[in-house]
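Notes follow the structure.
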Amino acid sequence: MALGEPLVEGEARSRYGKVLPAIALLAGFGVGLLIFGAHGQAADVAATDMAATLGAPTAASTNRLRTIPSASRMPARSWTQMSSAAAQPKPEAMAAYYLQPLNGQVLPARCRSSVVTGATGSCEGGDPVVTILGATGLVGQELLRLIPRAWPNAKLQLFASRDKTMEFEGKTYEIKAAEGLEAADAPKGDLAMVALDDDYSRRYVPRLLELGYRVIDKSNCYRMDPNVPLVAGGVNTDLVTDDQKLIANPNCNTIPFCLAVAPLQRKFGLKGATVSSYQAISGAGIGPLDTFLEKCAAGYSQSNRIGTQFSASEYAGNVVPHNGKTDESGFSGEERKLVFESRKILRLPDFEVSAQCCRVPVAVGHYENAWVTFNQKVTPADAEAVLTDPKQAPFVVYRPGPVGEDVSSLESVKFRDGSVAGRMRNDPRDETGATLCMTVAGDNLRLGAATNAMRIATAWYASKDPELQAPKFAPP
C-alpha cells in the first residue's frame, strides 16, 4: 500500500478492493494549498486519474523542488534498538516514515516568533484567489462546499488531470488540465490547495510556490520536513506565519486525535498513548469507495447472513489490516504516520505512542480508541471540564459518560468539522490514575482533510465563518 491515499478521482490499485490497472507512482511527495481531491492515507491504493494521465515529474520540477529550503529529514524514535548505520536517514527519502532514534534532535518544525499580520486577498473584502489542484476528487469537492463559507467573494481556479466540465450540487465548474500550471502564462493567485498523490504534489507544489502562492499540501511529501510546519488547525496554528509559504496537512486519523488530546496536554501534560483506529473506505479514494458501495449493495441483497458471499481480499463486508508500506519494524505506513505526525504536531519528540490501524466497511468516518497517559492524575470529570470548554478545546464535540452514546463514525459525519470525543474512563491498570481510555471519531473527508486545510488557511486569510477560523495557542 502507498503511504498516501489517492487524493483525486480515478482508478486505484488495492489489495482490498477492486484491482484496477493504474500507473505505478514514483516515490515523491508534495502538495500545496490547493484544494484537495480526496484525502490521504490508503491501503495499497497508489494511483488516481492524475497519476494515470499526467507524466512523471519532469527534470524542471525536480530542480524547482531543490529551491525549497529543507534540512535533512529528522528521524523519529524507534521502539526497537537499531544500529547506527541503519539509523542514518536517506536524504532523498525525506517524506518516508521511519522508526529510528531521535539522537537528541527535535522533530517538530521550528516554532517561530513572527506572527501573522493578516494577508489580504486579491478579491473583494480581502478574500483570496484560490487554486484547487485535484478539484474533482472527494476532498476537492468538500473544499467547494467550504470555501464560500469562509470567503464568499473568493475566486476559484480549478485543476485536475485534464480539461473537463464538472456538475456539482447544481453548479457547473470548468476544470483545467493541471499541466497548464507549468506554462509561462500560468494563472497566479493567493492560495493553492493541493490534493494529489505524492509524485504529483512533488511536481506541482514547487511550481505553485514559484508562482507566488501560499500552499497547503495534503500529500506525504513535506509532512516530516523539519522546515515545513505540519499543522492541525486549533492545535499548532501558531506555526502558520507570514514568512511561511508552505504548510503540510496531516493524515486523516492524526487530526481528530490531536484535536482531542492537545487541550488535555496543555492542562495536564502528556506522556504516551496507544491508539487503535478503524478507518473508512473513502480514505482510499473515490474509485475504491464506489466499488465498495456497489459490492455491499449486491452482497447484502443475498440471504447469506454469514458473509461468505464477499471476497476476503476486498473491502465489502470485511475488516482488514491497514497494512500498506509495512517496513522492517512491522508497522504499516498508516501506523507510522500517526506516530510521527502526532509527535511533530504536539511538539513532543519523545511522545511514547503506538498505533494499530485497520479498514472497516464504513463509507465515511474514522473511529479511534485511545489509551492516553498524562503527566499527572486525571479523572474523566477533569477531562470533561476541559473538552467542553470551546476556548480550551476548539472544534471538539464532547459526549459525556462511559457508555459512548453518540460517539460513532456516523456521528462524526453529522458534525463534519469537529472531533467527536467521549467514553472517558480511567484505565484500571494505571494505579497512578494518569491514564484515560477514550474514543475519538472524525469525518475523514472534512475534518481529516478539507476542513483542516481551510483552518490552516484562515491563519493567513480570515474566515467570515467563525467555525472555520482556527485559534492560536502558545506552544506547550
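The values are calculated or read from the model by the stated rules, or taken from the named source; none is laboratory data. All figures in this text were calculated on a predicted structure; none of them were measured in a lab. So basically every Cβ, Gly included, is an ideal-geometry build from the backbone, and we count neighbours across all protein chains shown.
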Exercise. Among (1) at pLDDT below 95; (2) under 21 Å from Val129 (Cβ atoms), which single condition is Arg207 missing?
Worked result: (1)
Exercise. Has segment 393-401 got at least one residue that is surrounded by fewer than 18 Cβ atoms within 10 Å (Cβ to Cβ) and either closer than 21 Å to Ser276 by Cα or touching a strand residue (DSSP E or B) at 6+ places or on another chain (Cβ under 9 Å) (or both)?
Worked result: yes
Exercise. Taking the condition under 20 Å from the mean Cα position of the chain (by Cα), modelled with pLDDT of 95 or more and charged (D, E, K, R), does Glu368 pass?
Worked result: yes
Exercise. When the residues of segment 291-303 are filtered to those that are assigned to a loop (DSSP other than H, G, I, E, B) and modelled with pLDDT of 95 or more, which remaining residue is nearest to Thr254 (Cα to Cα)?
Worked result: Ser301
For this session: Determine whether Ile281 is in contact (Cβ under 8 Å) with a residue 40 or more places away in the chain and touching a Pro at 6+ places or on another chain (Cβ under 7 Å).
Result: yes
Exercise. For segment 331-375, which residues satisfy the criterion of being assigned to a helix (DSSP H, G or I) and among the hydrophobic types (A, V, I, L, M, F, W, C)?
Worked result: Leu338, Val339, Phe340, Ile345
For this session: Could you tell me whether Ile281 is within 21 Å of the chain's Cα centre (by Cα) and hydrophobic (A, V, I, L, M, F, W, C)?
Result: yes
Exercise. Quick one: Leu191 ticks every box in (1) touching a helix residue (DSSP H, G or I) at 6+ places or on another chain (Cβ under 8 Å); (2) more than 15 Å from Ala248 (Cα to Cα) bar one, so which box is it?
Worked result: (2)
Seminar exercise, completed: Scanning segment 358-388 residue by residue, those out of contact with any strand residue (DSSP E or B) (no Cβ under 9 Å at 6 or more places or on another chain), of a type outside the set (Gly, Ala, Ser) and over 19 Å from Cys437 (Cα atoms) turn out to be Pro361, Val364
Seminar exercise, completed: Within segment 438-461, restricting to residues that are of a type in the set (Ser, Thr, Tyr) and either outside any loop (DSSP other than H, G, I, E, B) or touching a Cys at 6+ places or on another chain (Cβ under 8 Å) (or both), the one that is nearest to Leu289 (Cα to Cα) is Thr451
Exercise. Restricting to segment 413-428, what's the tally of residues that are assigned to a loop (DSSP other than H, G, I, E, B), among the charged types (D, E, K, R) and crowded, with 18+ Cβ neighbours inside 10 Å?
Worked result: 2
Problem set entry | Filtered residue count, segment 160-190, keeping only those that are assigned to a strand (DSSP E or B) and either free of Cβ contacts under 8 Å to residues at least 40 places away in the same chain or closer than 23 Å to Ser463 by Cα (or both) | 11
For this session: Tally the residues that are closer than 20 Å to Ala186 by Cβ and crowded, with 19+ Cβ neighbours inside 10 Å, restricting the search to segment 116-142.
Result: 11
Problem set entry | Of all residues making up segment 202-237, the number that are part of a helix (DSSP H, G or I), under 27 Å from Ala462 (Cβ atoms) and either hydroxyl-bearing (Ser, Thr, Tyr) or touching a Phe, Trp or Tyr at 6+ places or on another chain (Cβ under 6 Å) (or both) | 2
For this session: Would you please list the contacts, defined by Cβ atoms under 7 Å and residues six or more apart or on different chains, that run from a residue in segment 373-391 that is farther than 18 Å from Lys271 by Cβ to a residue that is part of a loop (DSSP other than H, G, I, E, B)?
Result: Glu384/Pro400; Leu387/Ala393
Exercise. In this structure, does Val275 turn out to be within 29 Å of Phe374 (Cα to Cα), out of contact with any Asp or Glu (no Cβ under 7 Å at 6 or more places or on another chain) and of a type in the set (Val, Ile, Thr)?
Worked result: no
Problem set entry | Output for segment 191-201, where each listed residue is in a helix (DSSP H, G or I) and not charged (D, E, K, R) | Tyr200, Ser201
Exercise. Only one residue in Arg425, Arg455, Arg429 is farther than 22 Å from Lys271 by Cα and among the basic types (Lys, Arg), so which one is that?
Worked result: Arg455
Problem set entry | Residue check, Ala260 small (Gly, Ala, Ser), in contact (Cβ under 8 Å) with a residue 12 or more places away in the chain, touching a strand residue (DSSP E or B) at 6+ places or on another chain (Cβ under 6 Å) and over 25 Å from Met438 (Cβ atoms) | no
For this session: Only residues that are of a type in the set (S, T, N, Q) and touching a helix residue (DSSP H, G or I) at 6+ places or on another chain (Cβ under 6 Å): list them for segment 376-408, please.
Result: Gln376, Gln392
Problem set entry | Considering residues of segment 402-412 that are of a type in the set (D, E, K, R) and over 9 Å from Ala441 (Cβ atoms) only, the residue surrounded by the most Cβ atoms within 10 Å (Cβ to Cβ) | Asp406
Problem set entry | Test set (1) within 19 Å of Ala232 (Cα to Cα); (2) touching a residue at least 60 places away in the same chain (Cβ under 8 Å) - Tyr398 fails condition number | (2)
For this session: Could you check how many residues of segment 304-320 are at pLDDT below 95 and either surrounded by 17 or more Cβ atoms within 10 Å (Cβ to Cβ) or closer than 19 Å to Val353 by Cα (or both)?
Result: 0
